[in-house]
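Visitor: Once you've had a glance at the structure underneath, I'll fire off some questions.
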Amino acid sequence: MKAVLLILHNSFQNIWADLWTTLACNLTWLIANMLVVTGPPATLALVHCPNRLAHDDVADLGDFWNAFKRYWGHAWRWGSINLAVTFFLVMDVILTGQLSRGMWSPYLQGLYLVLLAGWLILQFFSLPFLFEQRTMSLRQTRRKGMVLMLSKPGFALLMVLALGLVLIVGTNAFMLTLMFGAVFIGCAANCVVWNRLEGIKLLDQGKGGFVEILGPHLYT
């Protein structure tokens, strides 16, 4: 719980340090997703900027646009896979409810909903790894995100619940989630990965276990 509160605190602090830049990035991300084609590059750019903050660097709207252009190809490789999996699972939920009337139908729908939620949560834990690797490998990113989730399931669940609670409160508080929600999620995701990696360095010192599972090229 202490780690979750620390992550939330650092995320709020990163946003408060430059409200206007984070607001501009968040609104740009919203518009980019309305246009669909620019959605994935904007999402990676929104994760990249908080990653710089996690490394005690600075980030502004110029860094957002540079990342938007630089990671366009990687973003659409990620986006196409993400959209395909999400579409497949959503359609499974819908079709199972409409076509299947057996006693197992609600359980099958529940399974697909759990898989959909798990896939979306995986994006939260895995995307920051793109900027912690020497190579922009989406396969490695997903694998490391999965290991991070499964190695600390209690922490992962608590983090997701706390993040959801903050977003709900922010929606009821003058629509703050609309103005800063995406940036806040990006900051939290990077803080989670950075917090976990710092703990691994201190506890493991590269002698095996989790560090070996994540791979030798985790740190830049």
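Visitor: Write out the chymotrypsin sites (Phe, Trp or Tyr not before Pro) in the stretch 120-196 meeting two conditions: DSSP loop, and at most 10 other Cβ atoms within 10 Å of their Cβ.
Guide: Taking the stretch 120-196 and a limit of 10 other Cβ atoms within 10 Å, the loop chymotrypsin sites (Phe, Trp or Tyr not before Pro) found are F174.
Visitor: Could you give the C-alpha radius of gyration of the stretch 2-214 expressed as a fraction of 2.2 N^0.38 Å, taking N as the number of residues it contains?
Guide: 1.06
Visitor: A further question follows. Go ahead and estimate [θ] at 222 nm for the chain from helices alone: -39,500 (n - 2.57) per DSSP H run with n ≥ 4, summed, over the residue count, rounded to 500.
Guide: -27000 deg cm²/dmol
Visitor: Taking neighbour counts of Cβ atoms within 10 Å as a proxy for exposure, in what order, fewest first, do V169, V47 appear?
Guide: V169, V47
Visitor: For the stretch 2-214, what does the relative contact order come out to in percent, with C-alpha contacts under 8 Å and a separation of six or more?
Guide: 29
Visitor: Within a 10 angstrom radius of the beta carbon, how do H48, H74, H9 rank from fewest other beta carbons to most?
Guide: Going from sparsest to densest Cβ surroundings: H9, H74, H48.
Visitor: Still on this structure, I have one more. Assigning unit charges at the beta carbon (Lys, Arg +1; Asp, Glu -1) and nothing else, what dipole magnitude in debye, to the nearest 20, does the stretch 2-214 show about its Cα centre?
Guide: Here the stretch 2-214 has a charge dipole of around 540 debye.
Visitor: Quick one: longest stretch of the chain between exposed loop trypsin sites (Lys or Arg not before Pro), exposed meaning at most 12 other C-beta atoms within 10 Å and loop per DSSP?
Guide: Value returned for the longest uninterrupted segment is 1-100.
Visitor: Still on this model: Picking from F87, G164, T21, whose Cα lies most toward the positive end of the charge dipole for the chain (charges on Cβ: Lys, Arg +1; Asp, Glu -1)?
Guide: Farthest towards the positive pole: F87.
Visitor: Which ³J(HN,Hα) values, rounded to whole Hz and listed in residue order, are derived for the stretch 7-14 from phi using the Karplus coefficients 6.51, -1.76 and 1.60 in 6.51 cos²θ - 1.76 cosθ + 1.60 with θ = phi - 60°, glycine and proline given as x?
Guide: For the stretch 7-14, the Karplus curve yields 5, 4, 4, 5, 5, 4, 5, 4 Hz.
Visitor: Give the total of Lys-Lys pairs in the chain with Cα-Cα distances below 26 Å; include a pair only if its members are 8 or more places apart or on different chains.
Guide: Taking the Cα cut-off of 26 Å, the pair count is 9.
Taken together, the values in this text are just the output of simple stated rules run on the coordinates, not laboratory data. Fair warning: this is a prediction, and the values are worked out from it, not measured in the lab. When we count neighbours, we look across all protein chains shown, and the Cβ atoms used for this are built from the backbone with ideal geometry, even at glycine.
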